[in-house]
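One structure below.
Any read-out appearing in this document is the output of simple, stated calculations on the displayed coordinates, not a laboratory observation. Bear in mind the structure is a predicted one, so any value in this text is a computation, not a measurement. Here Cβ is always computed from backbone atoms with ideal geometry, including for glycine, and neighbour counts include all displayed protein chains.
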Amino acid sequence: MNTTFDQAALEQLVQPTRINKQVYINPEIFELEMDRIWGQAWIFIGHESQVRKTGDYFTTNINHKVPVVMVRDKNGKVQVLHNRCAHKGAKIVTSRSGNAPGAFRCPYHGWTFSHDGNLLKIPNESGYENTGFDLNDSCNNLQPVAQDNYKGFIFATLSSQAPDLKTWLGGTTDCFDNLCDRAPEGEVEVAGGVLRYEHDCNWKFILENLNDTMHPMVVHQSVVQSAQAYISSLDTDDIKQKAEAQIILPFGASFENFEESGITGFRYGHHYDGGKTSIHADYSVMPEYHQAMIDRYGAQRTQEIYAFNTHNTLLYPSLTIKCAVQNIRVIRPVAVDKFIVETWSFRLKGAPDEMLQRTLLYSRLINSSASMVGPDDLEVYRRMQEGLASNASQWVEMHRQYGRDQQLKDRVRGGGTSDLDVRTQYQAWRYYMLGEDYA
């Protein structure tokens, strides 16, 4: 694409401890990000449990423009295909999910395709006789997108140069493993619907906020105080009401508590906070669930699974995971100042239904558009989007604990209130946008 930002100009936008405001407000940079980040990284598509039966499908975009469909074919394999007819280019599927019995059929001229993308039939085929058209030419199929999965989580990439998925995930596979290990049967499945929340701001704000532990006690102060007041008004035997309100309290934890949790960063922009402890570490364990875990894993292994306790894990740029709460958030950019975040909940196979109900409750209280925490964050995102239009300064800083990070073989660690998470993301931003390699 034509742009006023050449390589030299882009190089100046992200520096070791500061980010130029154009990264958040300039439409040309947004389009470059869609091409160079979202068009090169592995992007989360969905979970295999969303397409259980032959012909089940789920549609989404890889970036803001490339529609794809995830579908289970007759051999039980999950396919990710470009949602574009090979004839005139019409989208084959427009509904978000459903089942296409037998085949996909283009709504324009009726070309039909198998669930693995192969062209099956063209109406009035005689019109193509002696024209050189080859029904069996692969270019006439629904085109596949390079895809792979880890523990049932399906990722796809538009790049032929991307590393293999497991290499790209790096140490974050520990989080997928822990999420699945928390299920007595060792597997999870999508359940309980989706919460979609439109944000009028740049897509990177939410990623920077995930492990920003300097903001909760400020941004969420009023709701934490309200939860504390509510709990103090309850009788001692109001256990259920207390348990619900207590989900809010960790958002008012001290700087010291957040510092203790730590942040771990990885190549390609991924990171998580916690590990040994997090804001979810003090959640009570339901007796029935605990017994199911003991029966499956034994007491020692069960405690090891509980002990790996993270808050948010980011798979840059499109997915965040909460292992201890069993939900994910998926980022879908729309424009330089708009994105959609989707929250999906997971059932732990073999666990009592109360565990899923806890997950759904958490999502409603924290992540929905009608929640008591998410709108606080959106308000400050909007203020940043508006405030960055000012020429008072060209820069946003990320200095906290700079130079104190502990570089290990495959990861970097820092204090929980560090800006390590943001620096990790923008190192990846430079990797994708400028073609820089990691030192």
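Table for the structure above
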{"item": "Electrostatic dipole magnitude of region 141-266 [Cβ: Lys, Arg +1; Asp, Glu -1; Cα centre; debye, to 20]", "result": "320 debye"}
{"item": "Distance between region 287-360 and region 206-228 - C-alpha centres, whole angstrom", "result": "20 Å"}
{"item": "When region 310-396 is reduced to its Cα atoms, the Kirkwood hydrodynamic radius in Å", "result": "14.9 Å"}
{"item": "For the chain, built as a Gaussian network whose Cα springs stay under 10 Å, the top-fluctuating residue of T54, T313, T213", "result": "T54"}
{"item": "Violating pairs (Cα-Cα greater than 25 angstrom) within the set K77/K166; K53/K121; K91/K204; K91/K338", "result": "K91/K204"}
{"item": "Likely footprinting exposure, S371, S159, S232, fewest C-beta neighbours within 10 Å first", "result": "S232, S159, S371"}
{"item": "Radius of gyration and maximum dimension Dmax of region 43-150, Cα, Å", "result": "13.9, 47"}
{"item": "Chymotrypsin sites (Phe, Trp or Tyr not before Pro) within region 129-172, DSSP loop, no more than 12 other Cβ atoms inside 10 Å", "result": "F133"}
{"item": "Residue order, fewest to most surrounding Cβ atoms within 10 angstrom, among E129, E187", "result": "E129, E187"}
{"item": "Net charge of neighbours whose Cβ lies under 15 Å from the Cβ of L32, counting Lys and Arg as +1 and Asp and Glu as -1", "result": "-3"}
{"item": "For I294, I366, order by how many other beta-carbon atoms lie within 10 Å, fewest first", "result": "I294, I366"}
{"item": "Magnitude of the charge dipole, region 103-179, Cβ model with Lys/Arg +1 and Asp/Glu -1, debye to 20", "result": "200 debye"}
{"item": "Lys, Arg +1 and Asp, Glu -1 on Cβ, resulting dipole of the chain about Cα centre, debye, nearest 20", "result": "700 debye"}
{"item": "Over the chain, relative contact order from alpha-carbon pairs under 8 Å, at least 6 apart, %", "result": "20 percent"}
{"item": "Computed Rg/Rh of region 145-298, alpha carbon atoms with Kirkwood Rh", "result": "1.00"}
{"item": "Segment N75-K166, length gained on full extension (0.36 nm per residue, minus Cα span)", "result": "30.3 nm"}
{"item": "Mean shadow area of the chain, taken as a quarter of the surface of its Cα convex hull (nm²)", "result": "24.1 nm²"}
